[in-house]
Amino acid sequence: MVSDDFFGSALKQLEQALEHASISLEAKKILMQPKAVLEVKIPVGMDDGRVKIFTGFRVRYNDALGPAKGGIRYHPLVSLNEVTALAFLMTLKCAAVGIPFGGAKGGVAVDPKNLSQRELESLSRGYVRAVYDFIGPDSDIPAPDVYTNETIMGWMSDEYNRISRKLVPAAFTGKPVSIGGSLGRNTATAMGAYFVLKELIRQLKLNGKELTVAVQGFGNAGYNIAKLLHNDGLKIVAVSDSKGGVYAQGGLHPDSVMKVKESKGMIDGVYCRGSVCDDIEHAHITNEQLLEVDADILIPAAIEGQITEKNAGKVKAKIVCEVANGPTTAGADKVLHERGVAVVPDILANAGGVMVSYFEWVQNRAGLYWSSDEIRGRLESGMLKAFRDIYEMAQQLKTSMRMAAYVHAAKKVVEAMAHRS
Ligand code: NAD
């Protein structure tokens, strides 16, 4: 985690948004804190014979709209503050895009790259044993997040089934398709952001084919959105990962960058040494420089706290599409809005992931599975409806899309809270 008080920063943005909404002080009090918090210690027998204790969290922030939903993150800097902030954002995200779920999040403070496959499986199963009573298909449904993936969800789902002594596929989403995962889940976050971004480009009357794009974070979400936009004719001029990035005015091919990343383990320093792009002029850049490159669209798709008050004034993009959760601090958000940068907020831009997770949960419960086309169609109409509602509200309130999304979401949560004791 980069920002020291990610949750505080997120709450600041909620407070600013609620100035535009008539919400009672009592409802605000409930919205400003999590409903339930669990901290667990997970002992794992390591390959060298020692036992190592890992700390994990699960936060259920609000479940007025339905069972709480949120991923599990593996990262050395996972903290209760971060997990709470992410659970808060999940609450608003599900409400903002009309999914009947509340918000939750989980995490383990661990560097998964330092674990063997066996240790990783043991930690993942241990996490489920530790939080078993706190989660479930009708109360709190985990999914993948940073450095967790469908293999890990498969282990977790299996451990949950073992403890339950029955198959409960709807207890986890983001599972492998062979054990009840949904088609389209892997690319859902990028696809949802792509639908929203295309609609924004249309609303702003820009010519998509002339636009350039910089993507920070070249993992699942960053790579897939770069690919979708590249296929549509937009020029990807810069990409980066945790080790650094590259800038090429002539454009980069996402698949070529991925090939090098997979073979060499990094983008920076190796990209143009091989044969994939000998003819492309490129420069090596740092992650900080990527945020300030000359590109029309900036897509932060890595981690939180990247655009701050220090660098917001130097962002050259006209559009920032927040595929990562919380990449812009509250102070930076104000600067970008004042400078006329259109920011598609995280709770809208990256909601495609949780939308298809919701589809997975519905399919698991119905025992009826949909085709890729059906998933894509439902995702597109769900994302476009949410975008138009929020965009219209931003115009009406004369505010940023983030403020509008927060107001739109908070009103829905508060309305549901009014029907519960
Ligand atoms: P991932 O683990 O697949 O990829 C993360 C990428 O970010 C990696 O390429 C990593 O090298 C890079 N990275 C890490 N630290 C960085 C830094 N300081 N600067 C630049 N790059 C850095 O994760 P993902 O699933 O693609 O998630 C990325 C972001 O999108 C996260 O904020 C996550 O919460 C958010 N998100 C993901 C999903 C999803 O379904 N995958 C859904 C909603 C939100």
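So the values come out like this:
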{"item": "Order of exposure, largest accessible area first, which applies to Lys227, Lys385 with probe 1.4 Å", "result": "Lys385, Lys227"}
{"item": "Average silhouette area of segment 173-220, convex hull of alpha-carbon atoms, in square nanometres", "result": "4.6"}
{"item": "Helix-derived mean residue ellipticity, 222 nm - over the chain, DSSP H n ≥ 4, -39500 (n - 2.57), to 500", "result": "-13500 deg cm²/dmol"}
{"item": "All aspartates and glutamates inside 17 Å of Lys69 as judged from Cα atoms, apart from same-chain residues fewer than 8 positions distant", "result": "Glu82, Asp133, Asp138, Asp140, Asp145, Glu150, Asp346, Glu360"}
{"item": "Length gained when the stretch Ser164-Gln395 is fully extended (0.36 nm per residue, less Cα-Cα span)", "result": "78.2 nm"}
{"item": "Those lysines that a straight Cα-Cα span of less than 17 Å connects to Lys243, excepting residues fewer than 8 apart in one chain", "result": "Lys113, Lys259, Lys261, Lys264"}
{"item": "Greater than 28 Å apart at Cα, pairs in Lys29/Lys166; Lys12/Lys52; Lys105/Lys205; Lys12/Lys412; Lys93/Lys227", "result": "Lys29/Lys166; Lys12/Lys52; Lys105/Lys205"}
{"item": "Charged-residue dipole, Cβ positions (Lys, Arg, Asp, Glu), the chain about Cα centre, Debye nearest 20", "result": "760"}
{"item": "Segment 202-263: Cα Rg divided by the 2.2 N^0.38 Å rule of thumb", "result": "1.11"}
{"item": "Among Gly49, Tyr147, Leu89 - extreme Cα towards positive end, dipole of segment 35-179, charges at beta-carbon", "result": "Leu89"}
{"item": "Environment charge of Ile225, counting only residues whose C-beta is closer than 12 Å and scoring Lys/Arg +1, Asp/Glu -1", "result": "0"}
{"item": "Ranked packing of 120-126, 350-356, most packed first, by mean Cβ within 10 Å", "result": "350-356, 120-126"}
{"item": "Point-to-point label distance, Ser242-Ser421, nm (Cα→Cβ direction, 7 Å offset)", "result": "4.8"}
{"item": "Accessible surface of the chain [probe 1.4 Å, protein heavy atoms]: carbon and sulfur percent", "result": "50"}
{"item": "Size of electric dipole in segment 188-349: Cβ of Lys, Arg +1 and of Asp, Glu -1, about Cα centre, debye, nearest 20", "result": "180"}
{"item": "Among Leu298, Leu11, Leu206: highest mean-square fluctuation, GNM of the chain, C-alpha pairs under 10 Å", "result": "Leu206"}
{"item": "Distance from segment 365-380 to segment 124-151 (C-alpha centre basis), Å", "result": "23"}
{"item": "Per residue accessible area of segment 188-349, 1.4 Å probe, in Å²", "result": "40"}
{"item": "DSSP beta bridge pairing in the chain, given as percent antiparallel to the nearest 5", "result": "50"}
{"item": "Overall dimensions of the chain by Cα: Rg and Dmax, Å", "result": "20.6, 65"}
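The values are calculated or read from the model by the stated rules, or taken from the named source; none is laboratory data. Predicted model, so just to flag it, every value in this text is computed and none were measured. Neighbour counts run over all protein chains shown; Cβ positions are idealised from the backbone, glycine included. The protein model used for the area step is the full one, side chains on, heavy atoms only, and it has no ligands, DNA or RNA in it. Shrake-Rupley method; radii C 1.70, N 1.55, O 1.52, S 1.80 Å.
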